Amino acid sequence: MKKFLLNKQVRLKHDDANDKFYAFCVETGDHFTLNKTGYFILNHLKEEKNLNEIVTLLLEEMIVDKQAVLTDTIHFLELSEKNGIIASKNS
Amino acid sequence: MLDDHLNEFNYEEEFYFQWHITNGCNLRCKHCYHADYLNDSVQLNQLLQIGNHLCDAAQKWGKKASFSITGGEPFTNPDNIFSLLELLESRDADKIDILTNGTLLTDSIIHKLKKYKKLRRLQLSLEGLKETNDKIRGVNSYNRTIEAIDNLKKHGLIVSIMMTVGKHNMDEVIPLAEELAKHDVDVFIIDRFIPEGQSSELTEWVLSQEEIKKVYSRAYEYFIKTLKPRFLLYRTLFCLLNPDDPHIGAICSVGNNALTIMPNGDVLPCRRLPIKIGNLFETTLYDIWYMSPFLWEIRNPEKLKGKCNHCEYIPICRGCRAVAYALQGDYLAGDPQCWKEK
Ligand code: SF4
């Protein structure tokens, strides 16, 4: 199953003053605003994880519908990979 | 009262870099914020690398890049400064000011400067009328600066004068402005004296709240009456004189839209706030701007202390963080020179 990992040049930031979440690429300067869940996922991707592991973590953390979490997570991971925030590899 | 074009600072659109390209200087002014003048070994290719990176960053953030190039004395190495001007013009910098003591500006240098379209103005410094100025900046430096002004004006360049104001020269602000008008100086900038670097012992020069109010009020009166020279009053505290006048006052730019780069690549939040927040030879500007804990802290108005905490003028002032740091040892402290509250 595919494993995902936060890119080395990407830093995560929770601005607690405004309760905002960001991903910053310190190499290209690209910056992305995240929601709390996106930040949660990326924070966990500082160590390699596959989709199932991410979904399990999300379900442990929040009371949500499993199917919805799965769909949203797949979409988020695709988007993050496309924008160079994370990379994936087949394991 | 004033045309809108005189309001030249736009926080939304602009990112300001104060870039010290050398520590080397041919003068030793008493109040200088430099702590040492060792001529540095920074190579032109390193400066060009930094310049490109700063332009990339401004572009990435969708901001117009505005530069003040300075030193030390930037004309101690004219080849470097002209190479940087070429670079910044080619990278479409929005505007470039050069901050110089003026003493090394030969005719051939001035002539060459004229071709740079993005060069907005040359900023020189005077600390009052001749006697006061020369005590601080050295014998005959007043006359030399006036000569440099006349020469720059003769060649059609725009000239601004910076005066650092303390107890020692507060009564000479308006007399100096009047003198500068006679020499066609375009812009006059006053800034508060902060004891740091070379001048860290000169604490007796620091203006009290009442004194700074007096100096700023006189400057504002002059500003309303005449445009020659044009006073630039985009500074913290000025909002207290007339919060409805958009041509005066400014929110402290630290953490918002400005950074200072030192010759060795060190990045400071402001030249007058000597706290290193990174180094461009070790990391990127993005890393510093996005991740510096100092910058995140100072961006948060809730963190301000004392009189600045919950002040109604926070959106247009925030006090001078460098003054708070130099005088209170805490960059988040209330601005000790603000006269709004004792
Ligand atoms: S209290 Fe602080 S923010 Fe308010 S006017 Fe004074 S310096 Fe500015």
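The values are calculated or read from the model by the stated rules, or taken from the named source; none is laboratory data. All values derive from a computational prediction rather than experimental measurement. Positions of Cβ are backbone-derived with ideal geometry, glycine not excepted, and every protein chain shown enters the neighbour counts. Just so you know, the surface numbers come from the protein's heavy atoms only, side chains and all, with ligands and any DNA or RNA stripped out. Shrake-Rupley method; radii C 1.70, N 1.55, O 1.52, S 1.80 Å.
So the values come out like this:
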{"quantity": "Separation of the B:Arg91 and B:Thr106 label points, Cα + 7 Å toward Cβ, nm", "calculated": "2.8"}
{"quantity": "Under 23 Å from B:Lys307, Cα to Cα: lysines that are on another chain or at least 8 residues apart", "calculated": "B:Lys213, B:Lys214, B:Lys340, B:Lys342"}
{"quantity": "Charge dipole (the protein assembly as shown, unit charges on Cβ, about Cα centre) - positive-most of B:Ile275, B:Val173, A:Gly38", "calculated": "B:Val173"}
{"quantity": "Check: chain B dipole with +1 on Lys, Arg Cβ and -1 on Asp, Glu Cβ, in debye", "calculated": "200"}
{"quantity": "Of B:Thr76, B:Leu105, B:Tyr116, farthest towards positive along the dipole that unit charges on Lys, Arg, Asp, Glu beta carbons give region B:63-119", "calculated": "B:Tyr116"}
{"quantity": "Under the span-like rule (Cα at least 15 Å along the axis, Kyte-Doolittle mean at least -0.5), DSSP H helices of chain B", "calculated": "B:44-60, B:78-90"}
{"quantity": "Proximal charge balance of A:Leu51 [Cβ under 10 Å; K/R count +1, D/E count -1]", "calculated": "+2"}
{"quantity": "Size of charge dipole - region B:211-253 - debye, nearest 20, with Cβ of Lys, Arg +1 and Asp, Glu -1, no other charges", "calculated": "220"}
{"quantity": "Cα principal axis extents for region A:30-91, largest first, Å", "calculated": "32, 29, 19"}
{"quantity": "Most to least packed among B:114-120, B:286-292 [average Cβ atoms within 10 Å]", "calculated": "B:286-292, B:114-120"}
{"quantity": "Environment charge at B:Asp186 (Cβ cut-off 11 Å; Lys +1, Arg +1, Asp -1, Glu -1)", "calculated": "+4"}
{"quantity": "Residues of type aspartates and glutamates that A:Lys66 reaches as a straight line, Cα spacing below 20 Å, ignoring anything fewer than 8 places off in the same chain", "calculated": "A:Glu53, A:Glu78"}
{"quantity": "Solvent exposure of region B:175-311 as accessible area per residue, Å², 1.4 Å probe", "calculated": "38"}
{"quantity": "Shielding by other protein chains, B:285-294, mean Cβ within 10 Å", "calculated": "4"}
{"quantity": "Hits among lysines - C-alpha to C-alpha of B:Lys118 under 18 Å, sequence gap 8 or more where chains match", "calculated": "B:Lys63, B:Lys64, B:Lys95, B:Lys153"}
{"quantity": "Within a Gaussian network of chain B (alpha carbon springs, distance under 10 Å), most fluctuating of B:Gly138, B:Gly319, B:Gly249", "calculated": "B:Gly138"}
{"quantity": "Highest-first arrangement of B:263-272, A:60-69, where packing means the average Cβ count within 10 Å", "calculated": "B:263-272, A:60-69"}
{"quantity": "Calculated FRET value between A:Glu61 and A:Thr28, using beta carbons and R₀ = 25 Å, to 0.05", "calculated": "0.25"}
{"quantity": "Calculated [θ] (222 nm, deg cm²/dmol) that DSSP helices of n ≥ 4 give over chain B, each run adding -39,500 (n - 2.57)", "calculated": "-9500 deg cm²/dmol"}
{"quantity": "A:Thr71 accessible area, 1.4 Å probe, all protein chains in place, Å² to nearest 10", "calculated": "80"}
{"quantity": "Beta bridges per DSSP with both ends in the protein assembly as shown, % antiparallel, nearest 5", "calculated": "40"}
{"quantity": "Total charge dipole magnitude, the protein assembly as shown, about the Cα centre, Cβ charges on Lys, Arg, Asp, Glu only, Debye to nearest 20", "calculated": "380"}
{"quantity": "Probe 1.4 Å - accessible area at B:Lys135, Å² to nearest ten", "calculated": "130"}
{"quantity": "Positive minus negative residues near A:Asp15 (Lys, Arg vs Asp, Glu; Cβ under 13 Å)", "calculated": "+2"}
{"quantity": "Which of B:Leu237, B:Thr226, B:Pro263, positive extreme of dipole for chain B (C-beta unit charges)", "calculated": "B:Thr226"}
{"quantity": "Average beta-carbon neighbours from other chains, 10 Å sphere, peptide B:169-175", "calculated": "0"}
{"quantity": "FRET efficiency estimate (nearest 0.05) - Cβ-Cβ, A:His14 to B:Lys303, R0 22 angstrom", "calculated": "0.90"}
{"quantity": "Reduction of at least 30 Å² in accessible surface, 1.4 Å probe, comparing all protein chains with the chain by itself, residues of region B:55-96", "calculated": "B:Lys60"}
{"quantity": "Whole-number D in µm² s⁻¹ for the protein assembly as shown, Kirkwood Cα-pair radius fed into Stokes-Einstein, 25 °C, 0.890 mPa s", "calculated": "103"}
{"quantity": "Sites A:Asn83 and B:Gln49 - FRET efficiency at Förster radius 41 Å, r taken between beta-carbons, to 0.05", "calculated": "0.95"}
